[in-house]
1. How many residues are of a type in the set (S, T, N, Q) and without any contact (Cβ under 8 Å) to a residue 12 or more places away in the chain when one looks only at the stretch A:82-101?
2. Can you tell me which of (1) of a type in the set (Gly, Ala, Ser); (2) facing chain B (nearest Cβ under 7 Å); (3) under 19 Å from residue B:138 (Cβ atoms) is the one residue A:287 doesn't meet?
3. Does residue A:235 meet the test of being in contact with a strand residue (DSSP E or B) (Cβ under 9 Å, 6 or more places away or on another chain) and under 27 Å from residue A:161 (Cα atoms)?
4. Quick check on this structure: which one of B:201, B:227, B:206 is β-branched (Val, Ile, Thr), more than 8 Å from every other protein chain (Cβ to nearest Cβ) and in contact with a Phe, Trp or Tyr (Cβ under 8 Å, 6 or more places away or on another chain)?
5. Given (1) free of Cβ contacts under 8 Å to residues at least 24 places away in the same chain; (2) surrounded by 20 or more Cβ atoms within 10 Å (Cβ to Cβ), where does residue B:367 come up short, assuming only one miss?
6. Examine the stretch B:148-159 for a residue that is of a type outside the set (A, V, I, L, M, F, W, C), surrounded by fewer than 22 Cβ atoms within 10 Å (Cβ to Cβ), within 30 Å of residue B:51 (Cβ to Cβ) and at the interface with another protein chain (Cβ under 10 Å from one of its Cβ atoms), and state whether such a residue exists.
7. Check off (1) under 22 Å from residue A:45 (Cα atoms); (2) without any contact (Cβ under 8 Å) to a residue 40 or more places away in the chain for residue A:202 and give me the number that stays unchecked.
8. Would you confirm, using the coordinates I've provided, whether residue B:116 is out of contact with any Leu (no Cβ under 6 Å at 6 or more places or on another chain), surrounded by fewer than 17 Cβ atoms within 10 Å (Cβ to Cβ) and in contact (Cβ under 8 Å) with a residue 24 or more places away in the chain?
Amino acid sequence: MKINYNIRFIFLAMIMVLVSGSILKVNAQEVKKSSVRIKADYVKTMNKEVTFKIKATSKVDNQNVDVTNIPIIVSNEYDDNEVELGSIITNMDGSGKFVIKDYNLIKPDSSGLYTVNFSFKGNDTFKRASKSVSYKDASIEAKIIVIDSVHYITATLKDTAKDSLLSEQLLNVQVQRLFRNLRIGEEFNSTDENGTIIVPIEEGIPGVDGNLTFEVVLLENDDYGTVKTLVTAPLGVPIVDQSTFDDRKMWSPRNKTPIFLLIFPNLVIFGMWAFIIYLFINLIKISKSKI
Amino acid sequence: MKNYDTLLEDLAPKKFGKRGTIWTLFLSVIVIAGLIAYIDQVIKGQVVTNMRDYALWGIYISNFVFFVATSFVGSVTVAILRLTNNNWRTPLVRIAEIISLAAIVMAGITIMIDMGRPDRLLNLFIYARLQSPITWDVIIVPTSIALSFLLLYFPLLPDLAILKKHYSKTKPKLSNWYGKLALNWTGSPAQKLIQEKSIKIIAILIIPVGIILQTIDAWLFSTTYRIGWDSTNMGAYFISGAFVAGVGALIAVVYVIRRVRKLENYISDYHFDKMGKFLGLACLTYLYFNINEYLLPIFTAPVEEDIHLNALVSGEYAFLFWFAQIVGLLLPLLIVLFKNGRKPFPMFVVGMMVVVGSWWKRYVIVTPTLLHPFLPIEGVPESWHHYFPSIHEWLITAATLAMCMLIITFLVRFLPVIPIQRTAEERDMLKNTKNTES
């Protein structure tokens, strides 16, 4: 009998261990949080704004997924200070854009290095995460010049803090288009010892009202990030406006219905309903004419 | 006069028998189930359907197109046969008029079912753009309902007066109703003159209205720049398809009424033979437009249309496509080419094949195109790449079909399905009467 009791006891104990093990495992799964990876790209548009393009991803079940709807705090770190600049919430793609209109809001440290931190405090699903982006400030000055009746765009790249020209840096020159910008000039335009490039502008590029907007871009530089400047000039072939916005067309709003469509279908409609009303009147006539 | 009494007894409406009651109850149950599903759809919204961003028109619209097509029977059989003085039409026209009215009324209701916010129905009129085919549809459907009603009602007047007299002693209440509906019809020359003139106007008017209705229905699709719909053939294709669907429905309903009401003396093999030839003509016309619609694009189709055609001919929708083409068109055409195929029972089978084929044909016209947009379907759940109606959609659609049959059943129950006055006149049973219009 004693042996039987022992067997039962061992059996019960094993079941309890298994069950409690499972419960612990479930709880452990519940509390297991995923790590978040924050990526931030610095883009400076001269005389306009500084933008940080932020993306949050996570590895869940060995797959990279976008982390949506999480708040990311943006702060500026310099010397021993850290000043909060604001925050964004990631969209359905796990992305966000933090725009600073005033450059002076971000302060550099004593060495002229700007540091911006991006931090996520964590939630029930994801662990806390942070990312730091450091860059030096650069500027591009661009203008259009004419040499022998040929238009050129010339641009000079400068380190702002040191006020020194940056040579042997690659700059892209492109014309803004609707879907993808149009590159002009050589494939690689490297700045000379004066920090300058010069690129001829092709003729015949179409633009609204003949205006072309050129972009000179220092792209994803290790020290300076992305810096670009925009120059607009009337050097394009004007696009003839084919808009029918204010015309009476089949796709216009109802106050711009084509005249023929107002006349012809209404004639048909009123014509048909005139007959229908006449027929109903005939029914009344029948009911009143007994003889 | 004894013959006339027999005729009156044969053609006067009759109470439902046991089978009639069961049939009516069966249809009522389906209608109630559909009504419950529809109330749920209104409360929860169209999320209860399987229509999503891509298949934004589903079974409701294909069902609507089917009803519109079936209603064409009023224009083709009644108006055309009347204007061409084909006397064999007499025992068939009333049934055609009933089907036509029931179908167009249900078409109007079905389009409202497809609306996410039916409470905003009035906005279709208030904010109508005359450029939009939807607006044309909103105008033509009520016009068609009014004309179909008048097409049924004017020729009924003499018969309603006959029924008033017939039931005056046995069923005074019913007689009273018939009297009211007969609008004091006495058959006086003045009344006959107005009636004849009115019927002629309706017969002429309903042909362009029927053609406009079918064409607008086609243009709802072809004015959108979509593969499978963007076709100049669509208007004529829809008219010929409606011709087939309407005559098919007429044949099936005529057979059932003839059998249930024992009207073999009035609707004979001769009438089925004529209807068979009529259907044959309709099928040949429709076949021609089908060839135009599907065969030519096989040679000329750009990539997107090729994908769509492949889905129809050998892909996801191949079964339904070939079912509609073979069962709904080719087989009926083959059967009615033979004299024996135009006997009543084979014709009933043909009529049913045509009706079922026509319904699925509309489904094949509406759905696959929506699932093949020019821009690829991206960033949506996999299930949105396909469409199959939800339980709500099936229940509601079944209810609209049942409701249509219920309207037909009740009209057949209370109206003479074969014009009494005109049949009596054609058989010289009434003295001193000029032939009445029917």
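1. Residues meeting the conditions: 0.
2. The one condition residue A:287 does not meet is (3).
3. no
4. Only one candidate passes the filter, namely B:227.
5. (1)
6. no
7. (1) is the only condition that residue A:202 fails.
8. It is true that residue B:116 is out of contact with any Leu (no Cβ under 6 Å at 6 or more places or on another chain), surrounded by fewer than 17 Cβ atoms within 10 Å (Cβ to Cβ) and in contact (Cβ under 8 Å) with a residue 24 or more places away in the chain.
The values are calculated or read from the model by the stated rules, or taken from the named source; none is laboratory data. Keep in mind that this is a model prediction, so the values were computed, not measured. A quick note on method: Cβ atoms are made from the backbone with ideal geometry, for glycine too, and the neighbour counts reach across all protein chains shown.
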